[in-house]
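Here is the structure we will look at, set down as structure tokens.
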Number of protein chains: 2
Amino acid sequence: MAEAPVISSLQDIVGFHIRLAHGAVNRHFTETFCDLGMTQKQVSVLWLVSDNPGLSQIELGRELQMDRATTMTIVNRMQQRNFLRRERSATDGRKQSLFLTDEGAKALALSKSAVAQHEEWLRSRLNPEEIKKLVEMLAKIHD
Amino acid sequence: MAEAPVISSLQDIVGFHIRLAHGAVNRHFTETFCDLGMTQKQVSVLWLVSDNPGLSQIELGRELQMDRATTMTIVNRMQQRNFLRRERSATDGRKQSLFLTDEGAKALALSKSAVAQHEEWLRSRLNPEEIKKLVEMLAKIHD
DNA sequence: AACAATTGTATGCTCAACTAACCAATTCGC
DNA sequence: GCGAATTGGTTAGTTGAGCATACAATTGTT
């Protein structure tokens with residue numbers, strides 16, 4: 001027996017589609033790269049610290065839109081796995097300066113190639129102009 | 001002293017922007033409508049059941065892209081709060097048929113006006129054509 | 001009738017996000 | 001310069017969501 005198609009005005013809600021897309025992206029990432037043992041968020045943290053050595057936790061959190069407590073738990077985990085190193089900032093004694101360890105740099109390199117594959121999957125669903133436009137619109141939403 | 005701007009090639013990753021946008025939308029939703037005591041996901045469940053009375057959990061999960069276990073926990077919560085009612089399906093004894101209670105219908109009505117306000121905030125950041133295009137692209141990603 | 005697949009359920013784990021409270025270092029206002 | 005306010009980091013506890021696994025009941029297949 002054919003299923004009755006599920007129809008709902010929920011389809012008109014933009015936020016609904018953002019949530020579904022986020023879920024799909026997350027799922028694809030973890031399914032395909034579960035052996036890495038890294039979440040997208042964790043990769044983002046390493047990535048950002050790599051591009052900005054000495055970054056403080058508060059700046060990291062601002063960039064990734066996490067509060068201090070959330071930032072702590074993620075940085076803690078990355079430190080426990082010996083991917084990140086904390087140092088007291090020389091210029092502001094309240095801040096921590098974050099740096100990648102050698103091991104962290106290796107993990108990031110692996111992660112980046114995983115992300116590249118993942119991005120390819122995502123981008124294959126759209127054409128280049130669409131991608132440009134999509135990023136532009138998403139930026140308007142999260143800025 | 002001016003902060004060094006945080007620059008990173010992470011900005012070129014589409015998935016990164018999707019995650020940030022999702023976070024922003026989530027944050028705005030919960031900030032503005034915390035008194036409702038409902039998450040977006042929970043609203044989606046009530047909404048979908050309202051538009052499709054007798055929906056089974058598996059169908060609900062498929063539509064919202066959740067597995068059975070996740071669907072369970074959310075339906076359980078909605079049942080505990082007396083928003084949803086479970087019935088054994090007449091046509092298939094394995095399935096549950098889900099229905100809104102009167103209280104659930106009221107909660108949904110309130111939630112819908114909250115979502116409307118939330119959507120207005122989201123949509124105000126884009127123009128109508130952009131919104132159409134955005135939804136179209138997000139659908140390509142999550143389908 | 002025997003077997004496989006589907007649906008719901010229960011349990012336990014992980015991750016991420018948030019709050020609240022607290023402390024130390026810094027900056028502000030006077 | 002000094003006390004007060006702010007900022008950054010830390011800790012602890014709570015919540016929501018997602019996943020894996022195992023199991024029971026029902027249905028479908030052969």
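Points to keep in mind about this one:
- Nearest 10 degrees, 0 to 90: helix A:128-142 Cα axis against chain A principal axis: 70 degrees
- For the protein assembly as shown, the ratio of Cα radius of gyration to the globular rule of thumb 2.2 N^0.38 Å stands at 1.12.
- Alpha-carbon gyration tensor eigenvalues x 5, square-rooted, for segment B:1-53, Å: 35, 16, 5
- Three-way shape call for segment A:38-105 based on the alpha-carbon gyration tensor, with the a/c threshold at 1.5: oblate
- Dipole of chain A, positive end: most advanced residue of A:Thr91, A:Ile13, A:Gln79 [Cβ charges, Cα centre]: A:Thr91
- The HN-Hα couplings worked out from phi for segment B:51-66 by the Karplus form 6.51 cos²θ - 1.76 cosθ + 1.60 (θ = phi - 60°) are 7, 9, x, x, 3, 8, 5, 5, 5, 4, x, 5, 5, 9, 6, 10 Hz, whole numbers, x standing for Gly and Pro.
- Three-way shape call for segment A:101-143 based on the alpha-carbon gyration tensor, with the a/c threshold at 1.5: oblate
- Sequence-distant residues sharing a close amide H with B:Leu84 (under 5 Å, placed H): B:Gln79, B:Thr101
- For chain A, the normalised intensity computed at q = 0.13, 0.17 Å⁻¹ comes to -0.71, -1.07 (log10 of I(q)/I(0), Debye sum over alpha carbons, equal scatterers, no solvent).
- Distance between segment B:65-92 and segment A:63-127 - C-alpha centres, whole angstrom: 38 Å
- Helix A:14-32 axis, angle to chain A major axis (alpha carbon atoms, nearest 10°): 60 degrees
- Over 32 Å between alpha carbons, listed pairs A:Lys112/B:Lys133; A:Lys41/B:Lys106; A:Lys41/A:Lys95; A:Lys106/B:Lys140; A:Lys112/A:Lys132; A:Lys95/B:Lys132: A:Lys41/B:Lys106; A:Lys106/B:Lys140; A:Lys95/B:Lys132
- Full extension of the chain between A:Glu103 and A:Glu87 gives 4.1 nm of extra length, using 0.36 nm per residue less the Cα-Cα distance.
- Calculated FRET efficiency, A:Thr70 to B:Gln117, Cβ-Cβ distance, R0 = 22 Å: about 0.25 to the nearest 0.05.
- Three-way shape label, segment A:70-143, alpha-carbon gyration tensor, a/c 1.5: oblate
Since every read-out is calculated from the coordinates, none of them should be taken as a lab result. Owing to the predicted nature of the structure, the values given are computational and were not obtained by experimental measurement. All Cβ positions, glycine included, derive from the backbone under ideal geometry; neighbour counts span all protein chains shown.
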